[in-house]
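The values are calculated or read from the model by the stated rules, or taken from the named source; none is laboratory data. Predicted model, so just to flag it, every value in this text is computed and none were measured. Cβ coordinates were reconstructed from backbone atoms using ideal geometry, including for glycine residues, and neighbour counts include every protein chain displayed. To get the accessible areas, we keep the full protein, side chains included, count just its heavy atoms, and leave off ligands, DNA and RNA. Shrake-Rupley method; radii C 1.70, N 1.55, O 1.52, S 1.80 Å.
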Amino acid sequence: MSPTHAPAGAVRQNSLRELNLALVLGRIAAARRPPSRADLATATGLTRATVSAVVEDLLAGRLVSESDPAPRSGAGRPARGLVLADEGPAGLGLEVNVDYLTVCVVDLAGQVRHRTVRRVDLRPVVPADALAHLVELAEAARADVARHGLTVVGAALAVPGLVDDAGVVRLAPNLGWRDVDVPAVLAQHPPLIEEVPGVPALVVDNEANLAALGELHSRPPGPSSFLHISGEVGIGAGIVLDGALFRGVRGWSGEIGHLPVHPEGRPCRCGGQGCLEQYAGQEAIVSAAGLARAELPADTATARLAELADAGDADALRALHDAGTALGVAVASVVNLLDLDTVVLGGGYAALASWLCPPVLAEIDARVLTAAWSPVTVRPSTLGAEAAAVGAAGSVVRRIVAQPVGWLARTS
């Protein structure tokens, strides 16, 4: 009998198996310590026999592995715990930004197993060529992790711009991209991943959104609501409310870099005036500190700024203070609107947080109505400058955890 005419009982049984696989794997992924089979039976309400059968499938499919048992007192043999496997499926995280490309691979447990950052000014580079460079880095990453038993099964690409549901970059003003059909461009290259049912081959999203998701799912877990700000040449924000990313009606929320902090101020690439990016973007800070981009070392502008500020350079300190003040004006507006109590500084801001946080907090204290009795925390990102790429890769492996049956069908 063909699968399209399978008995209803068989369909229900397959669906139940899928649910049980996802339930048990999800519990293992969320556990603070490796759970035993008995722990899983208690937590899920499944019988021990069902849990054992599910665990055997997950072990055979290289989705989980057994850990050494924890020391215990009393009689009886200690049970072995279960952890997410460090071999098997992995997620590919990609980022295109104004002056760099990043590729990383994250395993099922969320560990970064490969990371490459290539510094290059992409503003004069056409989108097709920029993406071709990214494909080269991705192919090298895939080959590297394959030697360690990992198979890349999905990719997510972070872009500093407005991205629609089809993965078309409608506008990335700092890159000069408009209406770039990223999936179509990448389809001209050999596949980056091995396809698995239930896992999209490629997701394209705003870099600040993916950075915020990376922060949300980092370990140890942080707050369930926060504002994550990615400070690069451009400035973007990811808004997390009650554990979920807030995208807005069209998925374009978080363009904090284009909030006006001086309405009659400097012209911006977006066509407006006085946008935050013109006062607190990386290039604005570098210029205010008296540094020319050509004079910067090969690593990053933020590293040089941090070095100068740490040495007490007056121009660098003044530039960072002024940028933090402008940033604080914009952040205070968002906090007043959304009633958030945590602000995370990511991207290039993470390395500069020691100097940016005080003026940001000063503006919050002066402008946020509730700051006197409900303080706002401002801190650097847990994942630092690479949060977007790590968050992108992490979004892939979370889909595998949520739907492991696709990977198991491929490996069986």
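In this structure, does ALA389 turn out to be touching a Lys or Arg at 6+ places or on another chain (Cβ under 8 Å), modelled with pLDDT of 95 or more and within 30 Å of VAL64 (Cβ to Cβ)? Please lay out each step first, then the result.
Details: touching a Lys or Arg at 6+ places or on another chain (Cβ under 8 Å): yes; modelled with pLDDT of 95 or more: yes; within 30 Å of VAL64 (Cβ to Cβ): yes.
Yes; evaluated as a whole, the condition is true for this residue.
Can you work out which of the residues in region 165-175 that are open to solvent by 30 Å² or more (accessible area, probe 1.4 Å) and part of a loop (DSSP other than H, G, I, E, B) is nearest to VAL126 (Cα to Cα)?
Within region 165-175, the first condition is being open to solvent by 30 Å² or more (accessible area, probe 1.4 Å), and the residues that meet it are 165-166, 170-171, 173.
Then drop every residue that is not part of a loop (DSSP other than H, G, I, E, B), which leaves 165-166, 173.
Working: ASP165: 22, ALA166: 20, PRO173: 13 Å.
Per the stated criteria, the residue is PRO173.
When VAL185 is tested against (1) at pLDDT below 95; (2) out of contact with any strand residue (DSSP E or B) (no Cβ under 7 Å at 6 or more places or on another chain); (3) of a type outside the set (D, E, K, R), only condition (1) is not met.
Looking only at region 13-41, filter to residues that are of a type in the set (S, T, N, Q) and either at pLDDT 95 or above or open to solvent by less than 50 Å² (accessible area, probe 1.4 Å) (or both); which one of those is farthest from PRO404 (Cα to Cα)? The selected residue is SER36. For region 403-412, the condition of being in contact with a Pro (Cβ under 7 Å, 6 or more places away or on another chain), open to solvent by 10 Å² or more (accessible area, probe 1.4 Å), touching a residue at least 40 places away in the same chain (Cβ under 8 Å) and not β-branched (Val, Ile, Thr) holds for at least one residue. Residues in region 319-333 that are in contact with a helix residue (DSSP H, G or I) (Cβ under 7 Å, 6 or more places away or on another chain), of a type outside the set (Asp, Glu) and open to solvent by 20 Å² or more (accessible area, probe 1.4 Å): 3 in all. Of the residues making up region 244-287, those that are open to solvent by 40 Å² or more (accessible area, probe 1.4 Å) and within 18 Å of the chain's Cα centre (by Cα) number 5. Looking across region 193-213 at every residue that is open to solvent by 10 Å² or more (accessible area, probe 1.4 Å) and among the small types (Gly, Ala, Ser), the one that is farthest from the chain's Cα centre (by Cα) is identified as GLY198. Looking only at residues in region 261-313 that are closer than 20 Å to ARG118 by Cα and of a type in the set (S, T, N, Q), the one that is modelled with the highest pLDDT is GLN282. All of (1) under 26 Å from GLN278 (Cα atoms); (2) out of contact with any Gly (no Cβ under 7 Å at 6 or more places or on another chain); (3) in contact (Cβ under 8 Å) with a residue 40 or more places away in the chain; (4) of a type in the set (D, E, K, R) hold for ARG142 with one exception: (1).
Can you name the helices (runs of 4 or more DSSP H) wholly within region 257-371 that have at least 3 residues being small (Gly, Ala, Ser) and at negative phi? Steps first, answer last, please.
Values: elements: 277-280, 282-288, 301-310, 314-338, 353-367.
In region 257-371, the matching helices (runs of 4 or more DSSP H) lie at 282-288, 301-310, 314-338, 353-367.
Look at ALA212 and say whether it is touching a His at 6+ places or on another chain (Cβ under 7 Å) and not in a strand (DSSP E or B).
Working: touching a His at 6+ places or on another chain (Cβ under 7 Å): yes; not in a strand (DSSP E or B): yes.
Criteria met by ALA212.
Find the residue count for region 103-113, including only residues that are within 16 Å of ALA155 (Cβ to Cβ) and in contact (Cβ under 8 Å) with a residue 40 or more places away in the chain. I'd like the intermediate steps shown before the answer.
Within region 103-113, the subset within 16 Å of ALA155 (Cβ to Cβ) is 103-108, 112-113.
From what's left, in contact (Cβ under 8 Å) with a residue 40 or more places away in the chain: 103-108, 112.
Here the count works out to 7.
Take LEU308 and tell me if it is open to solvent by less than 10 Å² (accessible area, probe 1.4 Å) and either among the aliphatic types (A, V, I, L, M) or closer than 27 Å to ALA389 by Cβ (or both).
Values: open to solvent by less than 10 Å² (accessible area, probe 1.4 Å): no; either among the aliphatic types (A, V, I, L, M) or closer than 27 Å to ALA389 by Cβ (or both): yes.
So LEU308 fails the test.
Rundown of residues vs (1) under 24 Å from VAL159 (Cα atoms); (2) open to solvent by 60 Å² or more (accessible area, probe 1.4 Å), yes/no style:
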{"residue": "CYS357", "(1), (2)": "no, no"}
{"residue": "ALA362", "(1), (2)": "no, no"}
{"residue": "ASP365", "(1), (2)": "no, yes"}
{"residue": "VAL376", "(1), (2)": "no, no"}
{"residue": "LEU383", "(1), (2)": "yes, no"}
{"residue": "VAL390", "(1), (2)": "yes, no"}
{"residue": "ALA393", "(1), (2)": "yes, no"}
{"residue": "ARG398", "(1), (2)": "yes, yes"}
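Scanning region 114-133 for any residue that is in contact with an Asp or Glu (Cβ under 8 Å, 6 or more places away or on another chain), more than 23 Å from GLY347 (Cα to Cα), in contact (Cβ under 8 Å) with a residue 40 or more places away in the chain and open to solvent by 40 Å² or more (accessible area, probe 1.4 Å) turns up nothing. Quick test of your reading of the structure: GLY348 fulfils all but one of (1) in contact (Cβ under 8 Å) with a residue 40 or more places away in the chain; (2) of a type outside the set (A, V, I, L, M, F, W, C); (3) surrounded by fewer than 21 Cβ atoms within 10 Å (Cβ to Cβ). Name the failing condition by number. Among (1) in contact (Cβ under 8 Å) with a residue 40 or more places away in the chain; (2) of a type outside the set (A, V, I, L, M, F, W, C); (3) surrounded by fewer than 21 Cβ atoms within 10 Å (Cβ to Cβ), GLY348 violates only (3).
Scanning region 135-157 for residues that are within 15 Å of VAL112 (Cβ to Cβ), out of contact with any Lys or Arg (no Cβ under 7 Å at 6 or more places or on another chain), of a type outside the set (Asp, Glu) and open to solvent by 10 Å² or more (accessible area, probe 1.4 Å) turns up just one, ARG142. Say we look at region 214-238 and pick out the residues that are under 14 Å from ALA388 (Cα atoms) and among the aliphatic types (A, V, I, L, M); which of these is nearest to the chain's Cα centre (by Cα)? Checked region 214-238; the qualifying residue nearest to the chain's Cα centre (by Cα) is LEU216.
Got a number for residues in region 78-93 being under 18 Å from SER218 (Cα atoms) and open to solvent by less than 50 Å² (accessible area, probe 1.4 Å)? Step through it out loud before you land on a result.
Let us first name the residues in region 78-93 that are under 18 Å from SER218 (Cα atoms), namely 83-86, 90-93.
Okay, now just the ones that are also open to solvent by less than 50 Å² (accessible area, probe 1.4 Å), so 83-85, 90-93.
Counting residues in region 78-93 that are under 18 Å from SER218 (Cα atoms) and open to solvent by less than 50 Å² (accessible area, probe 1.4 Å) gives 7.
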